[in-house]
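Contents: one structure, followed by commentary.
Where a number appears in this text, it was derived from the coordinates with a stated rule and is not lab data. Predicted model, so just to flag it, every value in this text is computed and none were measured. No Cβ is skipped: glycine too gets one built from the backbone with ideal geometry, and neighbour counts run over all protein chains shown.
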Amino acid sequence: RKPDIDCEMLVLGAGPGGYTAAFRSADLGMDTVLVERYDVLGGVCLNVGCIPSKALLHAAEVLNEAKHAADYGISFGTPKIDVDKLRAHKDKVVGQMVKGLAGMAKQRKVRTVTGTGMFVSPNELEVTGADGKLTLIRFAKAIIAAGSQPVKLPAFPWDDPRVMDSTDALMLADIPKKLLVVGGGIIGLEMACVYSALGSAVTVVEFMPQLMPGADPDLVKPLAERLKKQGVAVHLKTKVAKVEAKKNGLHATFEGELVPETSVFDRALVSVGRAPNGAKIGADQAGIAVTDRGFIPVDRQMRTNVPHIFAIGDLVGQPMLAHKATHEGKLAAEVAHGAKKEWVARVIPSVAYTDPEIAWVGVTETEAKAKNLAVHVAKFPWAASGRAVGLGRTEGFTKLIFDPDTDRVIGGGIVGVRAGDLIAEIALAIEMGCEAADIGHTIHPHPTLSESVGMAAEIQEGSITDLY
Ligand code: FAD
């Protein structure tokens, strides 16, 4: 069959990995086609992930701050929440970004094809449109960026609209009186913060002994304490055995120590992780290897086992984060264009945009312990930061983790307001091979929360002591 479209570069999936790869390919002069199932670009991150969740978290922050303001003499009364307007605001934020992306694709002459793509040979992809129309695309090179989707636990009656994944929860259909959040990872806790601020009574159950497994426990503690103060019930080492949809609510049965055996909820959000889409794109037809779990293995140049096909983003492995996907997208496009490059980033920062935020990068204390790695830890408590005191948010702290032999910073963690914005300095310090003195001698503006990074370095140097 004769192809409908011939191109030099095909990109499958228009999430942050895919659109970045397509734009870079086009900028490098390659004739690029971008295939996306939905009629908007942006993928999970922009449409049902990073961006809408942060728009709602901002609303939560305003509500919390308004409550807190009474402590310093400013009272607003009981807030009135117009859910329709809030939803429209979130959609507007997303819409604005989607429009920007469409403009950027057009400007670069990236051809977009809407429909579900499946490989039919090592150089051909067939796209099925919503109307059933088939488009055969022949390509010289390809970058797969088909992302991931939420894991659907079988214990839940998924045909009931009261059972939600993260996409449903972001739709903000209503504000449930009682919300069950299953999974205390980043996504679950961000949504718990949103719904709790909006007025839902939230219960979080987590199978592991700690919220946000992956982050050091000391970073998680201030968040756990604040959630508790806000009335969010958290049950660790607890599993949902069964959920029955009844007229009066979702009846959830738990296995664990702390919860009553059955509780009734108006809605449940299942946020227990995401599964890669590697096994759903006809990879075998192109000879591309896929693991049992659906990940596509790649080398340090993002190349799959088929040399002219690359893969990036959530479907090549953890961490499933947008900034990892974009970085990989640029690299894959450049390598496909002939650049002699490979993955060189040492660290990828993680951020939970909860209240307070938690951010970490590089080696964690938990990891150092598990690997028997000797480290020095320097912690600066925000109770000693004039800015944090002024904000009324002294529960935070900044810690730097050093290699004791070289005094170089190899990791760091921050918990507190805007921790996500602050972590970038530590990531840069690790990439640059900074020693404590390099950070400590850098003048940080006063009074800012960023000073806490400089202070932690000075603690390591020994020029500040006795903060606790
Ligand atoms: P995706 O964004 O998953 O995009 C893949 C695209 O491919 C999709 O548009 C899909 O429709 C399309 N596709 C798949 N199969 C086909 C096919 N066969 N044919 C055509 N198209 C196809 N990360 C962060 O870094 N920061 C955050 O704050 C953050 N918040 C998040 C909040 C939530 C609620 C969720 C769910 C995720 C969040 N993430 C966040 C994770 C982030 O969204 C992902 O890591 C990121 O979107 C991955 O990008 P990607 O390009 O690999 O794939």
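Numbers for the structure displayed
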| item | result |
| --- | --- |
| Cysteines not pairable in the chain (beta carbon separation under 4.7 Å absent) | C7, C193, C434 |
| Debye, to nearest 20: dipole size of the stretch 112-257, +1 on Lys, Arg Cβ, -1 on Asp, Glu Cβ | 280 debye |
| Protection-proxy order for peptides 155-165, 202-212, each taking the mean of Cβ atoms within 10 Å per residue, highest first | 202-212, 155-165 |
| Selection from L236, A436, V202, by position along the positive dipole direction of the chain (Cβ) | V202 |
| Calculated P(r) of the chain - Cα pairs past 33 Å, % | 44 percent |
| Order of T32, T78, T364 - criterion: other Cβ atoms within 10 Å of each residue's Cβ, fewest first | T78, T364, T32 |
| Principal axis box of the stretch 241-285, alpha-carbon based, largest edge first, Å | 49, 28, 13 |
| Measure of compaction for the stretch 55-151 (Cα Rg per 2.2 N^0.38 Å) | 1.79 |
| Dipole magnitude of the stretch 375-439, debye to nearest 20 (Cβ charges: Lys/Arg +1, Asp/Glu -1, about Cα centre) | 420 debye |
| Long pairs among K2/K152; K229/K371; K54/K106; K54/K324; K177/K280, criterion Cα-Cα beyond 29 Å | K2/K152; K229/K371; K177/K280 |
| Calculated diffusion of the stretch 346-446, Stokes-Einstein form, Kirkwood radius summed over Cα pairs, 37 °C and 0.692 mPa s, µm²/s | 237 µm²/s |
| Simple Cβ-charge dipole of the stretch 353-468, Lys/Arg +1 and Asp/Glu -1, about Cα centre, in debye nearest 20 | 300 debye |
| Radius of gyration, Dmax [the stretch 235-378; alpha carbons; angstrom] | 21.0, 61 |
